[in-house]
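Trainee: Here it is, the structure in full.
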Amino acid sequence: QVRLVESGGGLVQAGGSLRLSCAASERAYSIVTMAWFRQAPGKEREIVARITWSGDSTFYADSVKGRFAISRVNARNTVSLQMNNLKPEDTAVYYCAASPIPSAIGVKLYNYWGQGTRVTVSS
């Protein structure tokens with residue numbers, strides 16, 4: 001069973017930056033896609049960005065394009081999300097997730113989830 005542990009959330013002012021990290025307990029070769037999702041109060045969980053373990057494919061939600069960057073370090077089984085120019089609407093709990101489906105986008109295609117890390121952006 002792969003465990004995902006997120007870190008790096010916190011409180012930041014609008015325009016600031018945060019870096020989230022996700023460490024996988026092991027490199028399960030069934031996992032081909034890693035992603036960051038977020039869920040704001042009263043809203044559905046939505047994908048923020050995803051990357052394949054090979055690094056040859058990334059996806060970003062329109063709301064974060066140009067501000068967020070996802071990356072992975074295979075040797076350390078980690079995936080990071082660099083978040084710049086943060087906005088109050090980025091406030092949410094951010095979840096790391098893993099999927100055996102190449103280039104997966106939908107929530108239901110991810111079968112491993114971290115516990116979440118809270119990001120709060122003040123105006």
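Trainee: What does a probe at T120 reach in the range 7-31, counting residues whose amide N is under 20 Å from the point 7 Å along Cα→Cβ?
Mentor: Backbone N within reach: 7-21.
Trainee: At q = 0.09, 0.11, 0.12, 0.16 Å⁻¹, what is the base-10 log of I(q)/I(0) for the chain according to the Debye formula with one equal point scatterer per Cα and no solvent? Please give it to two decimals.
Mentor: Here the Debye-derived log intensity ratios amount to -0.21, -0.32, -0.38, -0.68.
Trainee: Moving on to the next point. Calculate, in nm to one decimal, what S54 and E89 gain on full extension: separation in residues at 0.36 nm each, minus their alpha carbon distance. Spell out each step's value before the answer.
Mentor: On the way: separation 35, 0.36 × 35 = 12.60 nm, distance 3.08 nm.
That works out to 9.5 nm of additional length.
Trainee: Magnitude of the Cβ-charge dipole of the chain, K/R +1 and D/E -1, about the Cα centre, nearest 20 debye?
Mentor: 120 debye
Trainee: With all protein chains present, how much of the accessible area of the chain (probe radius 1.4 Å) comes from carbon and sulfur, to the nearest whole percent?
Mentor: Whole-percent figure for carbon plus sulfur exposure: 49.
Trainee: Along the Cα→Cβ direction, 7 angstrom out, place labels at W113 and R27. What is the inter-label distance in nm?
Mentor: Placing both labels 7 Å along Cα→Cβ, they lie 2.7 nm apart.
Trainee: Under 10 Å, Cα contacts only: if you run a Gaussian network model on the chain, which one of A75, A97, A28 comes out with the highest mean-square fluctuation?
Mentor: The residue that fluctuates most here is A75.
Trainee: Could you give the distance between the Cα centres of the range 4-26 and the range 84-123, to the whole Å?
Mentor: Each part's Cα centre sits 10 Å from the other's.
Trainee: Tell me which lysines have Cα within less than 19 Å of K87's Cα, excluding those fewer than 8 residues away on the same chain?
Mentor: In chain and number order, the partners are K43, K65.
Trainee: Ok, one more. At 20 °C and a viscosity of 1.002 mPa s, what translational diffusion coefficient does Stokes-Einstein give for the range 1-60, taking Rh as the Kirkwood radius over Cα pairs? Give it in µm²/s as a whole number.
Mentor: Translational diffusion coefficient: 158 µm²/s.
Trainee: Can you give me the distance in nm between label points at D62 and A14, each placed 7 Å from the Cα along the Cα-to-Cβ direction?
Mentor: About 2.1 nm separates the two model spin labels.
Trainee: Over the range 2-59, with the other protein chains present, what is the accessible area per residue in square angstrom, probe 1.4 angstrom?
Mentor: I get 50 Å² per residue for this part.
Trainee: Just add up the charged neighbours of G10: K/R +1, D/E -1, any other residue whose Cβ is under 13 Å from the Cβ of G10.
Mentor: 0
The values are calculated or read from the model by the stated rules, or taken from the named source; none is laboratory data. Small disclaimer: the values here were computed from a predicted structure and weren't measured. For neighbour counting, all protein chains shown are included, and Cβ atoms are generated from backbone atoms with ideal geometry for every residue, glycine included. What goes into the accessible areas is simple: the full protein's heavy atoms, side chains included, and nothing from ligands, DNA or RNA. Shrake-Rupley method; radii C 1.70, N 1.55, O 1.52, S 1.80 Å.
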